[in-house]
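K.L.:
Before anything else, here's the structure in question.
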Amino acid sequence: MSMYNVVIVGATGVVGRQVVELLDTRNFPVSNLILFASEQSVGEFLEFNDDSLPVQLLDSDGFKGADIAFFCAGAAISEQYCSKVAAAGVICIDTSGFFSADDSVPMVVPEINPDSLQGIKAKRIIANPGCASIQLSLLVQALRSATKIHRVVVSSYQSVSDAGQKGIDELRTQSGELLNGRPSKNKVYPYQVAYNCLPQVGGFLSDGYTVEERKLICETQQILGGDLLAVTATMVTVPLFYGSCQSVNIETETELSIEKVRELLSSFAGIAVVDDVDNLEYPMPVDAVDQDELFVGRIRPDASVAGGLNVWTALDNLRKGCATNAVQIAELLIKVYL
């Protein structure tokens, strides 16, 4: 078996740590693993393959000899380093979202569009989609094999870990302050996020949508292969540490029975159906955490429109919503394209 030299940029962040763990537990063939982070994390050690690896300060020279680099830091780091590193021969898998609007960079969900990696040795940069886009795209793709889909309306409920460790810390601190009768302070979010819901993820655009809502729409269309699918979205920040949920309304050309919908979803790779309301079984974020499947339930017809369908889904935003998908891309690379 071939072995690969791997670099993780942002290794001590919430996504980077998940990538380290997944490379280990999924037995990715790593010959040498280099961990990069900011000055604050230099000197830390992360466990990998029964060894303790040091965290190093990000340095361009550290990419020499690397085969694959996971960029798990912010967009500014990806902007500064990705193109240079790729030009030096390293395949870069970027989770920051910096390349999401670049049509020359493939955006990949392995269960949906693995062929997008053809020709990857030319550009050598791959965009990992946003969590909400992966979550919605898996659901829609599973149904598209049976009927054309006219329109999708999604309300996406995002946990604070989408903002990284700073979002987690803010919810934890605010919750403690409020429980002890003290006023909360907000730094990461425009308002209190503990015991609250903020109908805003990202800054607002001139049309009233947020940046992340527009990103969800555009990324979903790109992953599914074009802009013919009509999608509209509302995104809400909710006081959850981990996991994300979506309420999805779908209009199909051909009306599908609920039994057929369950069959399509159950047979699709990466989807688990949890849909037994008589026994109060439905997807919840607490059950999705540390899992790699998209959990789907509350499947029911929308009688207000022909071909209408309502679905509820839950996903671990840091696993399949980011780190797992990135590692699956790397697995596909070494299996087919390297």
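The values are calculated or read from the model by the stated rules, or taken from the named source; none is laboratory data. Only a predicted model underlies this, so the values are computations on that prediction, with no experimental measurement involved. Backbone-built Cβ (ideal geometry, glycine too); neighbour counts: all protein chains shown.
K.L.:
Out of Ala306, Ala269, which single residue is under 29 Å from Thr237 (Cα atoms), surrounded by fewer than 15 Cβ atoms within 10 Å (Cβ to Cβ), small (Gly, Ala, Ser) and not assigned by TED's automatic domain parsing to the domain that holds Arg26?
P.N.:
One residue alone meets the criteria, Ala269.
K.L.:
Check Gly74, Gly62 and return the single one that is under 14 Å from Val15 (Cβ atoms) and at pLDDT below 95. It would help to see each step written out before you state the result.
P.N.:
Values: Gly62 fails: under 14 Å from Val15 (Cβ atoms).
Going through Gly74, Gly62 in turn, the sole match is Gly74.
K.L.:
What residue, of Leu143, Leu117, is within 27 Å of Ile299 (Cβ to Cβ), out of contact with any Asp or Glu (no Cβ under 6 Å at 6 or more places or on another chain) and at pLDDT 95 or above?
P.N.:
On the way: Leu117 fails: within 27 Å of Ile299 (Cβ to Cβ).
Of the residues listed, the single one that is within 27 Å of Ile299 (Cβ to Cβ), out of contact with any Asp or Glu (no Cβ under 6 Å at 6 or more places or on another chain) and at pLDDT 95 or above is Leu143.
K.L.:
Just for segment 222-266: of the residues that are among the β-branched types (Val, Ile, Thr) and exposed (fewer than 13 other Cβ atoms within 10 Å of the Cβ), which one is farthest from the chain's Cα centre (by Cα)?
P.N.:
Thr254
K.L.:
Let me ask something else. Hey, among Ile8, Ile34, which residue is of a type in the set (Val, Ile, Thr), within 17 Å of Gly62 (Cα to Cα) and either in contact with a Leu (Cβ under 6 Å, 6 or more places away or on another chain) or surrounded by 24 or more Cβ atoms within 10 Å (Cβ to Cβ) (or both)?
P.N.:
Matching residue, one of Ile8, Ile34: Ile8.
K.L.:
If you don't mind, there's one more thing I want to ask. Counting just the residues of segment 259-305 that are part of a loop (DSSP other than H, G, I, E, B), without any contact (Cβ under 8 Å) to a residue 24 or more places away in the chain and hydrophobic (A, V, I, L, M, F, W, C), which one comes out nearest to Cys322 (Cα to Cα)?
P.N.:
Within segment 259-305, the match that is nearest to Cys322 (Cα to Cα) is Val274.
K.L.:
Any residue in segment 121-132 that is in contact (Cβ under 8 Å) with a residue 60 or more places away in the chain, of a type outside the set (Gly, Ala, Ser), surrounded by 15 or more Cβ atoms within 10 Å (Cβ to Cβ) and assigned to a helix (DSSP H, G or I)?
P.N.:
Yes.
K.L.:
Let me ask another. Looking at Ser116, is it closer than 18 Å to Ala326 by Cα and among the polar types (S, T, N, Q)?
P.N.:
Yes: the conditions hold for Ser116.
K.L.:
Give the residues of segment 205-240 that are out of contact with any helix residue (DSSP H, G or I) (no Cβ under 8 Å at 6 or more places or on another chain), assigned to a strand (DSSP E or B) and either in contact (Cβ under 8 Å) with a residue 60 or more places away in the chain or of a type in the set (Asp, Glu) (or both), sorted by residue number.
P.N.:
Hits for segment 205-240 are Ala230, Val236.
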